[in-house]
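The values are calculated or read from the model by the stated rules, or taken from the named source; none is laboratory data. The shown structure was predicted, so the numbers you read here are calculated from the model rather than taken from an experiment. Quick reminder, even Gly has a Cβ in these numbers, built from the backbone with ideal geometry, and neighbours come from all protein chains shown. Side chains are part of the model used for accessible areas, which takes the heavy atoms of the whole protein and leaves out ligands, DNA and RNA. Shrake-Rupley method; radii C 1.70, N 1.55, O 1.52, S 1.80 Å.
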Amino acid sequence: RLNFRAKNVFRMSFQRENLCYVVRIASDKEAELIHILQAVQGSAIVYVRSRKRTKEIAQLLKDNDIKATFYHAGLEHFTKDIRQQDWQRDNTRVMVATNAFGMGIDKPDVRLVIHLTMPSSLEEYYQEAGRAGRDGEHSYAVAIVGSQDSRMLHRRLQDTFPEKEYIREVYDQICNFLAIGEGEGLDRTYDFDIELFIRRFHMRPVQTRHAIEIMQLAKWLEYHDDDSRSMLRFLIPSKELYQPHIGPDRL
């Protein structure tokens, strides 16, 4: 498709010689976080797992004279752009973020990536930690671990992958909530207030949301958690969009 004249293959090891992986066991994670940021200079990312926590930790750092801001998927697009640019230009030293931050971010001189709460998988941890030291200079990936972290990870896995019976229960209750009978609902769209649904049927909020995600993967339903009311469906297969007879893009 791109008419390459030669096959250009670039290979490198998963091992990052310039990146030092550190695990710090601490009873006071916040104090340890401040200590590390004061000891290691340079641009930094601090990963947490909730939007509320990003704001709290950013304020904690500012209270200790460390320039910081926070980032999560719930911020307005304009706000996210401004904060990302300030961090990339080193106007802000520390970005406190959820895993919504990092993909596509090209800042090679990040000296420090700190995980204040651990992600759910080694792959996710490696991706996030690997945002440090992309310029090849010596950098640190630090995991600050507390006594409750292991229990919280197990609980998160249970919430992320609820039992099959609970998934079936969520499906049945959604049908009841929307008054959809057996054999109905195909190719139809319904307004679905998930908060009202959870309250009315006394469902478990976190597990219910993950059950809906699993049902989407299984093609039982499609769920769009946004404010839009319209959907555009392309009837032509995507592979045919680039055929010569389609012509220039006009949409």
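Of the residues Leu19, Leu235, Ser150, the one whose Cα sits farthest toward the positive end of the charge dipole of the chain, with +1 on the Cβ of Lys and Arg and -1 on the Cβ of Asp and Glu, is Leu19. With protein chains left intact and a 1.4 Å probe, residues in the chain average 72 Å² of accessible area per residue. Enclosing the Cα atoms of segment 36-116 in their convex hull gives a volume equal to 84 cubic angstrom per residue. Sorted on the mean count of surrounding Cβ atoms within 10 Å across their residues, most packed first, peptides 121-132, 78-89 read 121-132, 78-89.
Overall, the accessible surface of segment 100-156 at a probe of 1.4 angstrom is composed of carbon and sulfur to the extent of 56 percent.
Computed with a 1.4 Å probe on the full set of protein chains, the accessible area for His77 sits at about 130 Å².
Need one word for the chain: rounded, prolate or oblate. Basis is the Cα gyration tensor (sqrt eigenvalues a ≥ b ≥ c); a/c below 1.5 gives rounded, then a/b vs b/c decides. In terms of gyration-tensor shape, oblate.
When DSSP beta bridges are restricted to pairs lying wholly in the chain, around 0% turn out antiparallel. Relative protection proxy for 13-23, 234-244, from highest mean packing down: 13-23, 234-244 (other beta-carbon atoms within 10 angstrom). Here the dipole of the chain is about 640 debye; that uses its Cα centre as origin and unit charges on the Cβ of Lys and Arg (positive) and Asp and Glu (negative).
Farthest towards the positive end of the charge dipole of segment 136-221, among the residues Ala218, Cys175, His138, is the Cα of His138, using unit charges on the Cβ of Lys, Arg, Asp and Glu. Within the set Lys52/Lys107; Lys7/Lys107; Lys52/Lys80, which residue pairs have Cα atoms separated by over 21 Å? From Lys52/Lys107; Lys7/Lys107; Lys52/Lys80, over 21 Å: Lys52/Lys107; Lys7/Lys107.
Helix-derived [θ] at 222 nm for the chain: sum -39500 (n - 2.57) over DSSP H runs of at least 4, divide by residue count, nearest 500?
-11000 deg cm²/dmol
The alpha-carbon of Lys164 sits under 17 angstrom from the alpha-carbons of these aspartates and glutamates, leaving out residues fewer than 8 places away in its chain: Asp172, Glu213. Comparing segment 1-140 with the 2.2 N^0.38 Å rule of thumb, its C-alpha radius of gyration ratio is 1.13 (two decimals). Counting Cα-Cα pairs of segment 104-153 in 10 Å increments starting at 0 gives whole-percent bin shares of 26, 48, 21, 5.
Tell me, what is the FRET efficiency for Arg151 and His77 to the nearest 0.05, using R0 = 41 angstrom and their Cβ-Cβ distance as r?
On the way: r = 36 Å, r/R0 = 0.89.
With a Förster radius of 41 Å, E is 0.65.
Averaging 1/r over each pair of different alpha-carbon atoms in segment 117-251 and inverting the result gives 19.4 Å, the Kirkwood hydrodynamic radius.
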